[in-house]
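Worksheet: the structure to be examined is printed underneath.
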Amino acid sequence: MGTQSTGTRTLVWIDAREAVVVSWLEDRAQVEKLESDVPDHRKSTGHVRHDSTFCHGGGAPQTAGEPRREEHLNRFVEHVAERLPVDRDLLILGPGTTRERLERHVRELDAHRLHPRTVTCEASAPRTDRQLIARLRHVAGADPQRREAREQRDETIHGVVG
């Protein structure tokens, strides 16, 4: 994503339950959480009966008996995409395929716009807000300067040197 300032980037962490959007407003991170109404996967009953009249290889696509979940998931991805600024590069993170859905949807929307942007998608375990902010800063090349542990200890013991 280059070495542009953090103000030109947005990070999204997403799964089927929630999305966390991290953007920069002036010199501060702004975190927005979006909850989904996607139902959980249906649990297996342990015994599966096969319909002998069902023919594989034709007909409507199978959704493992969860067409409502797919509808909710598509609506959630659309809702998240609507909340993203159109003029900022995106880093999309998440543990499953929902991040890939969001990436495809954003790329389809961007194909109709005149201002191209960079969209990066990576697998990621759940992160805290602070970890997401740090990741956005790192990708943008704006890591906070760290002081040596010895300097911090000396300041604590002797007071801040002016």
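Six or more apart or on different chains, Cβ atoms under 9 Å: show the pairs whose first residue is in the stretch 80-97 and under 13 Å from Ile14 (Cα atoms) and part of a loop (DSSP other than H, G, I, E, B) and whose second is among the hydroxyl-bearing types (Ser, Thr, Tyr) and open to solvent by less than 50 Å² (accessible area, probe 1.4 Å).
So the pair list comes out as Leu84/Thr10; Leu84/Ser23; Pro95/Ser124.
Within the stretch 109-138, track down each residue that is farther than 19 Å from Ala19 by Cβ, assigned to a loop (DSSP other than H, G, I, E, B) and not hydrophobic (A, V, I, L, M, F, W, C). Explain how you work it out, then say what you get.
Going residue by residue through the stretch 109-138, those that are farther than 19 Å from Ala19 by Cβ are 111-116, 118, 137-138.
Next, from what is left, pick out any that are assigned to a loop (DSSP other than H, G, I, E, B): 112-116, 118.
Residues satisfying the conditions are His112, Arg113, His115, Pro116, Thr118.
The values are calculated or read from the model by the stated rules, or taken from the named source; none is laboratory data. All of these numbers come straight from a predicted model, not from anything done at the bench. All Cβ positions, glycine included, derive from the backbone under ideal geometry; neighbour counts span all protein chains shown. Please note that ligands, DNA and RNA were not included when accessible areas were found on the heavy atoms of the full protein model with its side chains. Shrake-Rupley method; radii C 1.70, N 1.55, O 1.52, S 1.80 Å.
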